[in-house]
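Read through the structure below, which is laid out as structure tokens, and then see the notes.
Please treat every number below as a calculation from the coordinates, not as lab data. Just so it is clear, the model here is predicted, and its values are computed rather than measured. Please note: Cβ atoms are built from the backbone with ideal geometry, for glycine as well, and neighbour counts cover all protein chains shown.
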Amino acid sequence: MKIAIAQLNAAVTSIEERKSAIETAVREAAAQGSRITVLPELALTGYGAGSTITDHANEADDADAIWLNELSTDTGSALVAGLAMQRDAQVFNSALFVTPEAISATYDKIHLYGDYEKSLFSRGTKHSPIFEFEGLKFGLLVCFDVEFPERVRDLALRGAEAVLVPTALPKSDGGAFIAQNVIPVRAFENQVFVAYANHAGKDARFAYQGQSCIAAPDGTFLAQASAVTSELIFADIMPGNFEACRAQNPYLEETRMFPGRPD
């Protein structure tokens, strides 16, 4: 299965302009044969939009999800979008898996990063569902979640073959380390593919690391984006190509669970 990551330009702050950029990227990815296009965290509003994010979530209701579903239907491909979702008078930092048929999966970010996110969002309380698309099993995380090893391990133990991660990784030495080292390690130690979709450039509040990537179960990069610009990257997700790696590194089979602190 061919998948794509759409690394978006953070300097584009108008919601309508961002939706236009998303549509262009998804259509181009589908034209090049991608079956899934992964977008960054809070892709529709931009990550640094502050209270505009929650205002838009409250006003949009289901309109954003409907628009994404229509885009998926028009292109005949699936997509993963990071966006704010309002439910039960709370706003969550969410990821949706959208197919031409439906919104197939929803996940709310569990690990909110810093005071900025905690001032805007409620914390998610449920693990990502494992969902199947065209014969492969997937899970969702959002940004900071993937930096907690147990989150990816949970998905892998429940059968995920690939983890799709919208992110808004800030530009820093630590950000470079995460993009270049943590993501391939998560793939390797859990024997899964990890697709990590970031913003590039900067908005009024933050500068972003870029360096979106798709990592394979052997810890190699199948595709990497630059640190500075919007970009589409592609990779083929073929679990059968990595059976030897799984046999040599049976981390999932040898996992032993120990008592830990409750959630």
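Numbers for the structure displayed
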{"quantity": "At 1.002 mPa s and 20 °C, Stokes diffusion of region 2-248 via Kirkwood alpha-carbon radius, µm² per second", "calculated": "123 µm²/s"}
{"quantity": "Helix-only CD estimate at 222 nm, as mean residue ellipticity for the chain, using -39500 (n - 2.57) per DSSP H run (n ≥ 4)", "calculated": "-8000 deg cm²/dmol"}
{"quantity": "Sparse-neighbour loop sites [chymotrypsin sites (Phe, Trp or Tyr not before Pro); region 207-252; at most 15 other C-beta within 10 Å; DSSP]", "calculated": "251"}
{"quantity": "Relative contact order (%) - criterion: Cα under 8 Å, at least six apart; region: the chain", "calculated": "20 percent"}
{"quantity": "On Cα atoms only, tilt of 63-75 relative to the major axis of the chain in degrees", "calculated": "60 degrees"}
{"quantity": "Table column - 3J(HN,Hα) (Hz), region 223-235, Karplus curve with 6.51, -1.76, 1.60, x for Gly and Pro", "calculated": "7, 9, 9, 6, 8, 10, 9, 5, 6, 9, 10, 9, 7"}
{"quantity": "Hz values of 3J(HN,Hα) by residue in region 114-128 - Karplus curve (6.51, -1.76, 1.60), Gly and Pro given as x", "calculated": "x, 5, 4, 5, 5, 7, 10, 10, 8, 6, x, 10, 10, 5, 4"}
{"quantity": "DSSP bridge orientation in region 2-248 - percent antiparallel, rounded to nearest 5", "calculated": "65 percent"}
{"quantity": "Sequence-distant lysines (8 or more away, or on other chains) whose Cα lies within less than 30 Å of residue 137", "calculated": "2, 19, 109, 126"}
